[in-house]
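Data first, discussion second: the structure below is written as structure tokens.
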């Protein structure tokens, strides 16, 4: 059986430790990047939801309709989390009657203006 000198054995162990350290560092970097990407995505979703809800709360019928359509689009996005979907659902539930009422009022006003 061949005998390995202590210097060669030490060099192999050192090289193996360096490679292992690099692999672990790469795994940690990948994990961190994924976490950041997920947080960025959630933040972007929340900004869109806030914008759409603000539109639905405005007194303008067109802005209300745009906000409702935006919320419907957000609700179809598969990357939106469950909690955000509940917020969107609630906003749609509250906004729909408001949109129907505002539309009916606008139509009534147009009908009264034409007469």
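Here, each number is a calculation from the coordinates, and none is a lab measurement. Just so it is clear, the model here is predicted, and its values are computed rather than measured. Note: ideal-geometry Cβ built from the backbone for every residue, glycine included; neighbour counts use all protein chains shown.
Numbers below:
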| quantity | calculated |
| --- | --- |
| Packing rank of 35-42, 53-60, where each peptide gets the mean count of other beta carbons within 10 Å, highest leading | 53-60, 35-42 |
| Kirkwood Rh (inverse of mean 1/r, distinct Cα pairs), the stretch 6-114, angstrom | 17.8 Å |
| Estimated FRET transfer efficiency when R0 is 35 angstrom, pair residue 29-residue 8 (beta carbons, to 0.05) | 0.65 |
| GNM result for the chain, Cα springs below 10 Å: residue of 20, 92, 100 fluctuating most strongly | 20 |
| Degrees separating the helix 61-76 axis from the principal Cα axis of the chain, which is the longest one | 30 degrees |
